[in-house]
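K.L.:
Quick one: structure below, then a few questions.
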Amino acid sequence: MGDTDLEKLRARYGLLAIVTSNSAIAAVAIFGVWRLHGDKAVIVGVLTAAFTAVSGMTTAYLGIKAVSNTARSIALGNGSGPRHAEAAPPAQRTP
């Protein structure tokens, strides 16, 4: 198994973990709203907490994945990091 196949496998299972956990959070939120029988104040709290959990987890996954991809491409030498050119000596000023 090559590096490319391993990265695809990691991405696939990472995305599967995020989708599964977000679905579980959504299912618990739906079940909680259903069991509350219309208590609007608590429903807003449950939905807000569920939205926060889903957005936080998804953002964390995407951020970690982006940093990992960037670090990997820089380590392999094909990154788009800053290149430092050889600086020319400063020009001499004459008074």
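K.L.:
With r as the distance between the Cβ atoms of T70 and A26 and R0 = 25 Å, compute the FRET efficiency 1/(1 + (r/R0)^6) and round to 0.05.
P.N.:
Calculated value: 0.25.
K.L.:
When only C-alpha pairs under 8 Å and at least 6 residues apart count, what is the relative contact order of the chain, in percent?
P.N.:
Dividing the mean separation by the residue count of the chain yields 22 percent.
K.L.:
Next up: Pop out the ³J(HN,Hα) list for the stretch 53-65 in order, Karplus 6.51 cos²θ - 1.76 cosθ + 1.60 with θ = phi - 60°, rounded to Hz; leave Gly and Pro as x.
P.N.:
Ordered by residue, 3J(HN,Hα) equals 5, 5, 5, x, 5, 5, 5, 4, 4, 5, x, 5, 5 Hz.
K.L.:
Taking K and R as +1 and D and E as -1, what net charge do the other residues with C-beta under 14 Å from the C-beta of A75 add up to?
P.N.:
-1
K.L.:
Hey, another quick one. What does the charge count around L15 come to, taking other residues whose C-beta lies under 15 Å from its C-beta (Lys +1, Arg +1, Asp -1, Glu -1)?
P.N.:
+3
K.L.:
Follow-up. Please work out how much length the chain gains when fully extended from T94 to R12, using 0.36 nm per residue of separation minus the C-alpha to C-alpha distance, in nm with one decimal.
P.N.:
23.1 nm
K.L.:
Can you compute the modelled spin-label distance between N78 and T4, with each label point 7 Å from Cα toward Cβ, in nm?
P.N.:
0.8
K.L.:
While we're here: By the gyration tensor of its Cα atoms, with a ≥ b ≥ c the square roots of the eigenvalues, what is the shape of the chain: rounded for a/c under 1.5, prolate for a/b over b/c, or oblate?
P.N.:
oblate
Any read-out appearing in this document is the output of simple, stated calculations on the displayed coordinates, not a laboratory observation. Treat the numbers as computed from the prediction; the structure is a model and nothing was measured. Note that we place each Cβ from the backbone using ideal geometry, even for glycine, and neighbour counts take in every protein chain shown.
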